Structure formats: structure tokens, C-alpha cells
């Protein structure tokens, strides 16, 4: 897969839009990032998973998924090696990151609408 494939698939997800974060393309739903092309020059896309999802993707396909270290990695950010990813794997990973972001956006909205209890 190539950067253009990553972009095309990311933007095909409902409500996804392309933006920019620190000079790199990112993909958002509900105003929040679920994927970036911050490391495209190294042949990577980046996906925002939970730490548990990150571990599962890396364990299942270590030749395709690479854990990101440091603070971003602790939050679940994971590289996908675009040249090694099939279309199905890339689409599934982007869909998983997108679905997680949609779920978090929904949960945040519910918490904001809940009345405070004394």
C-alpha cells in the first residue's frame, strides 16, 4: 500500500476529514484524530489505538505493525508499514482506529450531557 491508499481509505470512513497537526496530514472524525501520516517519509502511517489494541495488532502482524515508543506510544499510537500492508489489513486497521475514535466521541458527549449528582 502507499500513502495515497492510506489517505483514500481514511477519507472513505463516515465523517472523516483530513487536517494537519504539526505540519503532517491527520485524519479526524468529530474533530479528533484517529490516524496520521506524520511518518510517511519513513513509509509509515500512524494509527491511534488503545494500548491493548496496539499490542494485539503488533503481536498478530509484527512485520506490518510497529509500536511507537514514548508518550505517543503509551497512548496507543502505532505505525503501520505501508509497503508490507495488504489493502484488507490497512482498511481494517484504519476502521478500528476510526471506530475507537467514534466511540470515544460518543462517550464524551454522553458524559457532558449527564446531570451532575450531589
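No value in this document is a laboratory result; all are computed from the given coordinates. Note that the coordinates shown come from a computational prediction; the quantities given were computed from them, not determined experimentally. Cβ coordinates were reconstructed from backbone atoms using ideal geometry, including for glycine residues, and neighbour counts include every protein chain displayed.
Please tell me if residue 83 is within 19 Å of residue 5 (Cα to Cα), surrounded by 14 or more Cβ atoms within 10 Å (Cβ to Cβ) and touching a residue at least 60 places away in the same chain (Cβ under 8 Å). When the stated conditions are applied, residue 83 does not pass them.
Would you point out the residue of segment 15-44, among those that are over 22 Å from residue 85 (Cα atoms) and in contact with a helix residue (DSSP H, G or I) (Cβ under 9 Å, 6 or more places away or on another chain), that is surrounded by the most Cβ atoms within 10 Å (Cβ to Cβ)? First the steps, then the outcome.
Of all residues in segment 15-44, those over 22 Å from residue 85 (Cα atoms) come to 15, 17, 19-23, 29-32.
Pick out the ones that are also in contact with a helix residue (DSSP H, G or I) (Cβ under 9 Å, 6 or more places away or on another chain) and you get 15, 17, 29-32.
Values: 15: 12, 17: 13, 29: 22, 30: 15, 31: 10, 32: 13.
This residue is 29.
The lone criterion from (1) in contact (Cβ under 8 Å) with a residue 12 or more places away in the chain; (2) more than 10 Å from the chain's Cα centre (by Cα); (3) under 19 Å from residue 1 (Cα atoms) left unmet by residue 47 is number (2). Scanning for something without any contact (Cβ under 8 Å) to a residue 24 or more places away in the chain, in a loop (DSSP other than H, G, I, E, B) and more than 12 Å from the chain's Cα centre (by Cα), does segment 18-25 turn up at least one residue? Yes - at least one qualifying residue is present in segment 18-25.
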